[in-house]
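Enquirer: Below: one structure in structure tokens.
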Ligand code: NAI
């Protein structure tokens, strides 16, 4: 296996002042990438800001001989997103890699979520990923090269208590991935999505201390760094990573069956086949569903 290097590559990592983003930034810089360390430096629930978060990671990269610049914008506005990508272009001439990682939490059970709790979480995770991806896509399209990682969550894909706002916002990242890959295909822009599990301030109160040591963000970073390398040619995939466990999840579609002139009773009668997913496979495009509908369309 040849060593995976990033010499000449420019990476933007949002929320890289701590946790997972910091681990990605350090590893990419170590392997030769020029890095934009974006971080608003606010609290876990999204309030406040502090330039120290990004600065400290930039200092650490520089102290090890790497090349990095800070950016303090919030991902959650179009202006912020543009400025994050402008920081990469102004300092390093382009952007090859974008890791949409910035995140906050406002956990509450469904009946307790306020409009502000919902808006803010969606603004950072969902809108924020779009706000940074759009200007990055423009530069990547021009250069016919791009590697993007979106960060989803097991809470959204599989479910968790007290995270309706977060779960909804995080699964939106899957939609962004599909769109980026469909529109980016001819420009060699590839996007994958990660569902990480790691010890960080976002998870410090939901994980017992003994688990924390085993869930270092550094254990997730190798997969992310591989995915944003030139070596990786796969796109449109969802990966789980944590504690040294790596696996793929997928949204799949089963051929099912065609019931012409279906009635409520015939649905009931065929429920086992309709709800079965034993032959399900991931689809590459919404139009792929037509292959299963063809008998009904004749
Ligand atoms: P973290 O809290 O250590 O890091 C998130 C960083 O994002 C912080 O440094 C924060 O200042 C920054 N940030 C927050 N809002 C921002 C904004 N508007 N603009 C720019 N930066 C902003 O958390 P962690 O665990 O490293 O999370 C990274 C990503 O992974 C998040 O998207 C999170 O939702 C996701 N995730 C984490 C899991 C875990 O087990 N740690 C599980 C599933 C998903």
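Enquirer: In nm, to one decimal, how far is the modelled label at residue 201 from the one at residue 273, with both set 7 Å along Cα→Cβ?
Expert: For the pair residue 201/residue 273, the computed spacing is 5.5 nm.
Enquirer: Helix 19-30: angle to the longest alpha-carbon principal axis of the chain, degrees 0 to 90, nearest 10?
Expert: For 19-30 against the chain, the angle is about 60 degrees.
Enquirer: Between rounded, prolate and oblate, where does region 10-249 land on the alpha carbon gyration tensor, with a ≥ b ≥ c its root eigenvalues, rounded for a/c under 1.5, else prolate if a/b exceeds b/c?
Expert: rounded
Enquirer: Please work out how much length the chain gains when fully extended from residue 213 to residue 247, using 0.36 nm per residue of separation minus the C-alpha to C-alpha distance, in nm with one decimal.
Expert: Extending this stretch completely gives an extra 10.2 nm.
Enquirer: Next up: For the pair residue 281 and residue 265, how long in nm is the line joining their label points, each one 7 Å along Cα→Cβ?
Expert: The modelled label-to-label distance comes out at 3.6 nm.
Enquirer: Could the peptides 48-57, 67-76, 87-96 be put in order, highest first, of the mean number of other beta-carbon atoms found within 10 Å of their residues?
Expert: 67-76, 87-96, 48-57
Enquirer: Here's another thing I want to ask about it. Report the relative contact order of the chain, percent, no decimals, based on alpha-carbon pairs under 8 angstrom and at least 6 residues apart.
Expert: 15 percent
Enquirer: Right, here's the next one. Can you tell which of 263, 14, 43 shows the greatest fluctuation in a Gaussian network model of the chain with Cα springs below 10 Å?
Expert: Answer for the Gaussian network model of the chain: 263.
Enquirer: Quick check: the angle from helix 78-92's long axis to the longest principal axis of the chain, C-alpha only, nearest 10 degrees?
Expert: 50 degrees
Enquirer: Taking the chain as a Gaussian network, Cα atoms linked when under 10 Å apart, which of 163, 134, 233 shows the biggest mean-square fluctuation?
Expert: 233
Enquirer: Would you mind classifying region 252-297 by shape? Square roots of the alpha carbon gyration tensor eigenvalues, ordered a ≥ b ≥ c; an a/c under 1.5 is rounded, otherwise it is prolate if a/b is larger than b/c and oblate if not.
Expert: Note, shape of region 252-297 comes out oblate.
Enquirer: Let me have the 222 nm mean residue ellipticity of the chain computed from DSSP H runs of 4+ only, each contributing -39500 (n - 2.57), with the sum over all residues rounded to the nearest 500.
Expert: -11500 deg cm²/dmol
Enquirer: Please figure out what share of the DSSP beta bridges in region 1-146 is antiparallel and state it in percent, rounded to the nearest 5.
Expert: Here the antiparallel bridges make up roughly 0 percent for region 1-146.
Enquirer: Another question about this same structure. Taking square-rooted eigenvalues a ≥ b ≥ c of the alpha carbon gyration tensor, is region 213-298 rounded, prolate or oblate, where a/c under 1.5 means rounded and, failing that, a/b exceeding b/c means prolate?
Expert: Here region 213-298 falls in the oblate category.
Enquirer: What angle, in degrees between 0 and 90 and rounded to the nearest 10, separates the Cα long axis of helix 128-143 from the longest principal axis of the Cα atoms of the chain?
Expert: Taking the Cα atoms of the chain, the angle to 128-143 is about 80 degrees.
Enquirer: While we're looking at this one, here's another question. Run the numbers for residue 119 and residue 7: contour at 0.36 nm per residue of separation, minus the present Cα-Cα distance, in nm.
Expert: Length gained, residue 119 through residue 7: 36.4 nm.
Enquirer: How much of the DSSP beta bridge set in the chain is antiparallel, as a percent to the nearest 5?
Expert: In the chain, DSSP labels about 20 percent of beta bridges as antiparallel.
Enquirer: Pick from 111, 26, 215: which residue has the top mean-square fluctuation in a GNM of the chain where Cα pairs under 10 Å get a spring?
Expert: So, out of 111, 26, 215, the one fluctuating most is 111.
Read-outs: derived from the displayed coordinates by stated rules, not from any lab. Remember, predicted model here, so these are calculated numbers, not experimental data. Note that each Cβ is placed from the backbone with ideal geometry, even for glycine, and that neighbours are counted across all protein chains shown.
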